Every structure is written in structure tokens, then in C-alpha cells.
Amino acid sequence: MQKKTVDLPEIVFTSSNAAEARRISRLAKSGDLRKIAPKIYTSNVHKSSVMLIQENWRKIIAHLYPGAVVSHRTAFMGGQPVDNTVFITASLTKNMLLPGLTICLLKGKSATNYDMPLPEDGLYLSSEARYLMENLQPARTQKTISKSIGVEKLERYIEKIIRNRGEKSINKIRDQAKQISKELEMVAEYKLLDKIIGALLSTKNDYNLLSDAGKNRAAGTPYDPNRLDLFEILFTHLRNSYIEQTPLIAASAPTEDFWRNAAFYDAYFSNYIEGTDFLIEEAKSIVFDGKLIKGRVSDSHDVLGTYRVLNDHTEMFKRPNSADEFIVSLKYRHHAIMGFRHDINPGEFKNINNRAGNTEFVYPELVEGTLKKGFNYYQQLDDGFQKAAFMMFMVTEVHPFIDGNGRLSRVFMSAEMLSNKQPRIIVPTVYRDDYLLTLRRLTREGDAEPYIRMLLRIAKFTAAIDFSNLAIAKKQLTACHAFMSPNEGMLVMPDF
């Protein structure tokens, strides 16, 4: 086994000093150093030349081109190579091919006060203002990777800055870009950047936006593209999944008693999931006798409001035919459910952001645009279960109101089922964890299958319950462990 000289650095460069150059030559002949590229040696006899250069590329560039700036596409990517290619700005133009890495040198100005010094002495990273302008420079069409990411991609990035960091941040970046544009000889690039930002902020109209996200923002309906990605995943799975509809088809139109009792249990469980927990007899007293529980007036109104919407034949057979109708329906139903809670602005989209655990929901200014874009997917799905599953997730994922979003999403889900002559979908207390965990998995991992399986299971469960009589329904629900908490038992499918 070859020895490794421990007192030598891993990367060694040849020297203009004659004595040092002779020493390096001796070490190379003795096997203590190995040449991995012109004028570059290593004391590591185990790693490949490719791995060593890819791990130490910044050190190599800092030595070969002191004062260089990691720029253009590489700076946009956070200073990371793309396709084993690095773009740097220096005092000359050429390409240097090393094992596992291509260094593209672009002739340009040295670092500005805004550029970030890297740990390797003499090497800098372009500031955000600088690399935005750099990536607006024309690039040759070639087979190899381009120095610029392209105008449309940059436009989407700027829209994301506005969406996540606000107008103040993008205006600060624009001011910095203007300040350094003359120094960098990028006045033309700054003017284009200024036009793009102005178009996105709707303060200028002399630039035609290219990206869908940019056009929607300029039109006043910006949206959350990450949520649209999730909607597309769910849409694709729903369209491609074989869903057996037979167990979900009602044998006949429900009687008035059946309808009323099913609406009661739907409202009861929907509120229980949200922490508004009452005994069954208390809930019956609220819904059927109008008696509010002392000390819990607001909670009582939540149950009553949910029930009234779920029991409304006209409302539950209503489906939106356009994105605008959908927005109107959301606001109307939310007000009908949560109307007593004046502190949450019932019927009005949220003006502050909300979250659940580590999940941050859609920003207020993106709510309407995201819902309208999501509605396009909804329209292409089959009536009934497909639309119910999609609608429930979309409303939950956007969380358009300060509170009451869970109840609202389940109202929309049941409405989609009932309007297609299918039984409503009720989420029993015992199934709360399964319900929330599959929603979370779809949100965080983009995995739609568990969510679809979960909803199908409780759809079949609900379809098997006889709601013609409150007492019979309670007996069957009890036998299925529906009233248990998730840590007390598991849902048992009906076998009556």
C-alpha cells in the first residue's frame, strides 16, 4: 500500500520559485505527489483526479485566476457547477478543461462591493443584483451549457422573489443593479431587468412577460406554482386510477330523514376533527333544538353553521361551472359556516398567512390566483369521487380563510358526491390521523396514492351506514369504532 505524505496539503500547485518547483518535482518522482492536471498535483493517492478537482474547484480557480468572480449561471445556482461546468468572470476569455470540470472564463469586470468574498482567498461570488444582469446577457446557441439561464427562467425567478420576499426586496435588488450597472458595463442588461421588474409589479408596460406566473402576477392574480405542481400530481393520479364507483352509488334517492341524519353526523364529525368536540346528545340539542351549550356559544354556532350548509339541498347539489363561481361559492359557504365568528372575517379571504405545524399555506395575495388555476384541473376530472377528492385537497392546501378551512373543504367534498347522486363522504373521529397523515404526505412528498386510498375507504364506509334513523346510525357507527379517538382503536368497515 502506497504511503501518503501527511504534511502535504491535498492540492499542491507548481511554483515560480525554482527551489519549490524542484521540491515538487522530487515529491512527484517519489510518488508522494501525483499530477492530476497541468500545474496541479495531489498528495491523495486514493481519490480519482475527477473527484479531487470537483471537490477542490474553488481552491483551484482562486489559485489560477486570483480576483475572479464566480458568475452567470453558476452564481444563479448558488455557486454550484452545472453539468460539471463553472462560469467565472476574469480578465481574459478562454475555456480550461480539467478532468471532470470545464472552467469557462468570461472577460469582465472584477468584484464590486456587493459581491461576496468566498472562503478561498481572492475568489468572489456575484451578488444577486449582478447575476440577474449577467443572466440577461445574450448567449450563443451551442451544444454545451449556456452561460445564461434564459429570460423566461429569470423572469420566473424574479416573480418568486416578489412572491416570497416582497416588493421591498426586489426594489432593493433593482437599486443595487442600477448602482453597479455602469461599473460593470451592463447598462443594457439593467434596462431589461428594470422592464421585467416593472412589468411584474404592474408599474411599467413596455415589456411582454413570457412566463405564466409572470403574466398572472401582472394581471393581478398571482399564484403559488408549488401548489399547482401538487394539484397536477393529484389530477394525474385521479385520472389514471381505476376507481370502482359501484359501492359509492346510492341505491335510491335518500329520504328526508336519511338526508338530515347524514348531514348531522357529517357536521358532527367534521367539527370534532377540528377540536370542536361535543357529546352526541349535546350536538343533537344544538342542531335539532337550537339550544346552544353554555360557555361554548361560538363552538355551538360552528356545529350549527356546518349542519345548515350540509343539510341544504340546494346548496349541496350546487357545483361551480367557472372559476369565478367557485370563488363566490367558497366565500358564501364559509360565511354560512363561520358567520358567528366575526374575528376571522367570515366570507373574506385571509389577510394574514396561516400554517399548521411546519406546513405554511398559500400566501394571502396568491390565494385567488392559485384557486383559479387549480380550478382548471378540477374541470377536467370526472364528476363524483374524482372531483370530490380534488376539491377537498385544493381547499385544504390553499387554506384561503383565517379559520374554518377544514370544515369548508369537507363541505365541498360532500357536495361533489351528492350532486353526482353518490353518498357524501364523512371522516369519522377514529380515522382523523389517517386523514391528516395522507394529506400531509401529499403536501410534503407529492405522494397522492395513500390520500386517494384513504378517501375511497371512508367513502365506502359512509355508503354502508344506514342514516334513515339517528339511533340506528349511531349503533352502526359505534360498532365501526367511529367515535373512538385514533389512539383508542381502528376503523372497522361495516358488515351489516
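Nothing in this text is a laboratory measurement; each read-out follows from the coordinates by a stated rule. It should be emphasised that the depicted structure is a prediction, and the values quoted were computed from it without experimental measurement. Neighbour counts run over all protein chains shown; Cβ positions are idealised from the backbone, glycine included.
DSSP beta bridges in the chain, what fraction antiparallel, as a percent rounded to 5?
Approximately 70 percent, going by the DSSP bridge assignments.
Which of the three applies to segment 225-479, rounded, prolate or oblate, going by the alpha-carbon gyration tensor with a ≥ b ≥ c and a/c under 1.5 meaning rounded?
Because a/c hits 1.5 or more and a/b fails to exceed b/c, segment 225-479 counts as oblate.
Run down the lysines and flag those whose C-alpha is under 18 Å from the C-alpha of Lys109, throwing out any fewer than 8 positions away in its chain.
List returned: Lys94, Lys147, Lys178, Lys182.
Of the GluC sites (Glu not before Pro) in segment 346-445, which ones lie in a loop per DSSP and count no more than 13 other C-beta atoms within 10 Å?
When the GluC sites (Glu not before Pro) of segment 346-445 are filtered for loop state and at most 13 Cβ neighbours within 10 Å, Glu348 remain.
Let me have the relative contact order for segment 151-218, percent, based on Cα pairs under 8 Å that are six or more residues apart.
36
Got a sec? How would Asp224, Asp194 order by Cβ neighbour count within 10 Å, fewest to most?
By the 10 Å Cβ count, ascending, the order reads Asp194, Asp224.
Each residue of segment 161-170 in order: what ³J(HN,Hα) in whole Hz does its phi give by Karplus 6.51 cos²θ - 1.76 cosθ + 1.60, θ = phi - 60°, with x for Gly and Pro?
Working through the residues one at a time gives 4, 4, 5, 9, 10, x, 5, 4, 5, 5 Hz.
Using only alpha carbon pairs under 8 Å that are at least six residues apart, calculate the relative contact order of the chain and give it in whole percent.
About 10 percent, as a whole number.
Arranged by the count of other C-beta atoms within 10 angstrom, fewest first, what order do Thr314, Thr306, Thr112 take?
Fewest-to-most ranking of Thr314, Thr306, Thr112: Thr314, Thr112, Thr306.
Where nothing but the Cβ of Lys and Arg (+1) and of Asp and Glu (-1) is charged, how large is the charge dipole of the chain around its Cα centre, in debye to the nearest 20?
Magnitude of the dipole: close to 2260 debye.
Quick check on the chain: helices-only [θ] at 222 nm, where DSSP H runs of length 4 and up contribute -39,500 (n - 2.57) each and the sum goes over total residues. Nearest 500, please.
-15500 deg cm²/dmol
Using the Karplus curve 6.51 cos²θ - 1.76 cosθ + 1.60 with θ = phi - 60°, what ³J(HN,Hα) values do you get for each residue of segment 47-60, in whole Hz, with x for Gly and Pro?
Values, residue by residue: 6, 6, 4, 4, 5, 5, 5, 5, 7, 10, 4, 5, 4, 5 Hz.
Starting with the fewest neighbours, write out Asp433, Asp495, Asp403 ranked by other beta-carbon atoms found within 10 Å of each beta-carbon.
In order of increasing Cβ crowding within 10 Å: Asp495, Asp433, Asp403.
Among the lysines, which fall within straight-line cross-link reach of Lys474, defined as a Cα-Cα distance under 23 Å, with same-chain neighbours fewer than 8 residues apart omitted?
Lys284, Lys291, Lys460
For the cross-link pairs Lys107/Lys168; Lys160/Lys387; Lys195/Lys373; Lys215/Lys373, which exceed 24 Å when the distance is taken from alpha carbon to alpha carbon?
Table pairs above 24 Å Cα-Cα are Lys107/Lys168; Lys160/Lys387; Lys195/Lys373.
Which entry is the computed Cα extents along the principal axes in Å for this structure: (i) 79, 64, 40; (ii) 70, 52, 45; (iii) 100, 63, 44?
(iii)
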